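A short write-up of the structure that comes next.
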Amino acid sequence: MIDPHTDRVLITGAAGEIGKALRSGLRAEWRHLRLTDIRPIPDLAANEEAVIADIGDRPALERMMQGVTALVHMTGAPAEHDLEMLFRVNARGLFDMFEAARLAGVRRIVFASSNHAFGCYPIEEPVTPAHPARPDSLYGVFKVLGETMLRYYFDRHDIRSVSLRIGTYRRLPIDQRSLATWLSPRDVVQLVERSLRHPDPGCLVANGYSANTRIKVRDPNWDFLGYRPVDNAEDHVEMLRGMGVDVDGAWEWPEHGGAFARMPERPARA
Ligand SMILES: NC(=O)c1ccc[n+]([C@@H]2O[C@H](COP(=O)([O-])OP(=O)(O)OC[C@H]3O[C@@H](n4cnc5c(N)ncnc54)[C@H](O)[C@@H]3O)[C@@H](O)[C@H]2O)c1
């Protein structure tokens, strides 16, 4: 277990959407939060320290890892970025971040993986984290790379980890698909907190959703983690109907990855 009172936790991607939710949800209880991003991180509390750095700066990663017990790795280039940038941040940067953590003796890593790690499975198939990965995009491939590195770190270096296959993180659901995949701000905080506090998660992969009625995965490893989501996208169906979203018709997407699984391949250099 990572102790909120004594252990230092490094949150990467701290200026991002999930990073902001984690900061506001964790800072009351977690005494030593180190935050990093390439963008400014505003409004630091007394127990937060910020390191502004590019994930491509390996010496900076090694410095920021000093004294850290747990890494919550949220840095990421979104899927729509060009392939060079995706590789630089989500593959090379991920590798450097994890290696810096390993070399510094970090004991636990919580990693923002994605439902795009299994996005090529047909939607009728209730996929579990135990199924082999079937990424739907290079974005998904690099998430599987992260999960695979964490498997290796567990087997060879005894580092405990939780890879969270996050669905759709937003303040509210946004479309038909997110009625199945939504992850709310307070639920993402609980999920990360459980991943840190668990006495021994081994090398766990868990789905990152709220308690959505229309959920399409199975055995998401929530009981093991002690995660009890409190939100449900279904509570926002009327709002979506009012926005003209078809929430009652046939399911729009044939695969778990939604649009990603059908996107045309892009050239190697955009
Ligand atoms: N939001 C979702 O629905 C969702 C779903 C699945 C997985 N995820 C994953 O969760 C993580 C966080 O998502 P988010 O929605 O908060 O994304 P976000 O884009 O809001 O935050 C990502 C952060 O990474 C930082 N970053 C990007 N390039 C960097 C670089 N070169 N050096 C240092 N920092 C850099 C950005 O400045 C940003 O603050 C990402 O890894 C994402 O892939 C998100």
Response to the item:
Projecting the Cα atoms of 249, 220, 259 onto the charge dipole of the chain, where Lys and Arg contribute +1 and Asp and Glu -1 at Cβ, the residue farthest towards the positive end is 220
Discussion item. Quick check: the distance between the Cα centres of region 75-115 and region 209-270, to the nearest angstrom?
Written reply: 24
Response to the item:
Scoring region 8-262 by relative contact order with C-alpha pairs under 8 Å, at least six apart, yields a percentage of 18
Worksheet entry | Computed Rg/Rh of region 190-264, alpha carbon atoms with Kirkwood Rh | 1.05
Worksheet item: If you roll a 1.4 Å probe over region 210-270 with all protein chains in place, what percent of the accessible area is carbon or sulfur?
Response: 53
Response to the item:
Mean-square fluctuation maximum in Gaussian network of the chain, Cα pairs under 10 Å, restricted to 63, 23, 134, hits 63
Worksheet entry | For region 8-262: span of alpha carbons on each principal axis (Å, largest first) | 52, 37, 36
Worksheet, complete the sentence: Expected unfolding gain across residue 20-residue 251 under the 0.36 nm per residue rule, minus the alpha-carbon gap, is 80.0 nm
Fill in: Residue-normalised accessible area of region 8-262, given per residue in Å² at a 1.4 Å probe
43
Fill in: Under 5 Å, built H, 5+ apart or other chain: amide partners of residue 127
218
Response to the item:
With the 8 Å Cα cutoff and a minimum separation of six or more residues, region 1-104 has a relative contact order in percent of 30
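Under a Cβ-only charge scheme (Lys and Arg +1, Asp and Glu -1), can you give me the dipole magnitude of region 8-262 about the Cα centre, in debye to the nearest 20? Write down the numbers at each step before the final one.
Details: 32 positive and 34 negative charges, 160 e Å.
Its charge dipole is roughly 760 debye.
So what's the back-of-envelope 222 nm ellipticity for the chain, counting only DSSP H runs of four-plus at -39500 (n - 2.57) apiece and dividing by all residues, rounded to 500?
Result for the chain: -8000 deg cm²/dmol, rounded to the nearest 500.
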Discussion item. To check you understand DSSP bridge types, tell me what percent of the beta bridges within region 8-262 (both residues inside) are antiparallel, rounded to 5.
Written reply: 5
Worksheet item: With each label point set 7 Å from Cα along the Cα-Cβ vector, what nm distance links residue 130 and residue 223?
Response: 1.2
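The values are calculated or read from the model by the stated rules, or taken from the named source; none is laboratory data. Computed from a predicted model, the values in this text were never measured in an experiment. Note that we place each Cβ from the backbone using ideal geometry, even for glycine, and neighbour counts take in every protein chain shown. Ligands, DNA and RNA are stripped out before the accessible areas are found, and what is left, the full protein with its side chains, is counted by its heavy atoms. Shrake-Rupley method; radii C 1.70, N 1.55, O 1.52, S 1.80 Å.
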